1. May I ask you to evaluate 6.51 cos²θ - 1.76 cosθ + 1.60, the Karplus curve with θ = phi - 60°, for each residue of the range 173-184 and list the ³J(HN,Hα) values in order in whole Hz, giving x for glycine and proline?
2. Find, among the trypsin sites (Lys or Arg not before Pro) in the range 51-82, those assigned to loop by DSSP (not H, G, I, E, B) with at most 11 other beta-carbon atoms within 10 angstrom.
3. So between residue 253 and residue 272, what do we pick up on full extension, going 0.36 nm a residue minus the alpha carbon distance?
4. Counting only pairs 8 or more places apart or on different chains, how many lysine pairs in the range 3-207 have C-alpha atoms closer than 29 Å?
5. With r defined as the distance between the Cβ atoms of residue 180 and residue 73 and R0 fixed at 22 Å, what FRET efficiency is calculated, to the nearest 0.05?
6. What net charge do the residues around residue 31 carry, taking every other residue with its C-beta under 10 Å from that of residue 31, with Lys and Arg at +1 and Asp and Glu at -1?
7. Quote to one decimal, in nm, the extra length available between residue 30 and residue 168 on full extension: 0.36 nm per residue of separation minus the C-alpha distance between them.
8. Local charge sum around residue 161 (other residues, Cβ-Cβ under 12 Å, Lys/Arg +1, Asp/Glu -1)?
Amino acid sequence: MGGIIIILATIISAIGMYKYYAGKEMQVAMGILPLLLVTVGFGIVGFIDDFKKLILKNTKGLSPSLKMLGLLIVAVVYAVYLTKVLNIGTETYIPFLKVYVNMPIWIYIPFAIIVMLATTNAINLTDGIDGLSTSVTTIIITCLTIIGIILGVKEVAVFGSILIGACLGFLLFNLHPAKIMMGDTGSLLLGGAIAGIALYLKMPIILLIIALVPIIETLSVILQVGHYKKTGERIFKMAPIHHHFELSGWKESKIVTVFGVITLILSFIALISI
């Protein structure tokens with residue numbers, strides 16, 4: 001439940017920035033709120049799961065269906081808020097082609113929901129080795145924040161910087177050997193933040209580049225389960241794939257470094273694509 005630390009740091013800082021910009025640039029202040037709420041919303045779902053496991057001693061935590069329902073509710077609310085309240089439109093940026101594509105609203109909202117659910121679950125699967133999830137997500141959020149600065153979306157620049165600071169502070173205690181584990185509270189929070197920012201920037205497709213490591217982690221689980229059910233054999237020694245490398249003799253620090261460097265390179269590619 002170490003993600004509580006990230007939530008508290010984010011809430012306190014975001015409220016402070018909201019009050020600061022409320023008297024100067026109301027548009028920036030109002031843009032910080034939905035980013036904060038979607039981040040905390042996903043974090044609360046993870047918190048309930050962790051609370052049941054650790055405090056109530058229910059080893060199963062939230063059932064997969066209830067957890068998915070909670071994530072779905074947050075995703076639907078955020079998607080509708082973006083399109084119906086903030087009226088940001090349904091434009092979606094296509095990397096490298098450097099064009100925006102308008103989606104019909106009835107396609108965009110389900111698309112946005114899928115992006116959020118897929119991202120939160122992918123980041124959740126990436127969590128499992130000391131410092132891995134935090135390192136990868138911090139680099140991803142940094143890339144999105146830089147994009148926000150380039151595009152002049154100040155609310156993303158402000159909120160992204162808050163998250164980066166919170167993650168770096170947490171990372172000091174989460175590197176091997178970890179003193180604090182973020183749990184679902186932190187991993188779902190960070191996944192929600194990444195998806196929320198990407199959608200706010202109208203750049204969810206760019207996650208296919210910068211979030212390739214979490215995507216591969218997710219695919220490794222899907223392939224492992226599907227192949228095992230079909231043949232009774234495993235493709236990897238263990239899934240997600242970071243555990244495969246761990247069982248292959250890689251030290252945790254090496255896995256974190258390699259995955260982090262890959263994400264950093266992909267982030268530079270993403271920046272070129274815009």
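1. Calculated HN-Hα couplings, in order: 9, 9, 5, 4, x, 5, 9, 9, 9, 6, x, 5 Hz.
2. Numbers: sites: 52, 53, 57, 60, 67; in loops: 57, 60.
For trypsin sites (Lys or Arg not before Pro) across the range 51-82 that sit outside H, G, I, E and B with at most 11 neighbouring Cβ atoms in 10 Å, the list reads 57, 60.
3. On the way: separation 19, 0.36 × 19 = 6.84 nm, distance 2.89 nm.
Roughly 4.0 nm would be gained on extension.
4. Final tally of qualifying lysine pairs is 23.
5. E between residue 180 and residue 73, to the nearest 0.05, is 0.20.
6. Numbers: positive: 154; negative: 25, 155.
Summing Lys/Arg as +1 and Asp/Glu as -1 gives -1.
7. Working: separation 138, 0.36 × 138 = 49.68 nm, distance 2.57 nm.
Length gained, residue 30 through residue 168: 47.1 nm.
8. On the way: positive: 154; negative: 155.
Charge balance near residue 161 sits at 0.
Bear in mind these aren't lab numbers, they're just calculated from the coordinates by the rules spelled out. Keep in mind that this is a model prediction, so the values were computed, not measured. Note that each Cβ is placed from the backbone with ideal geometry, even for glycine, and that neighbours are counted across all protein chains shown.
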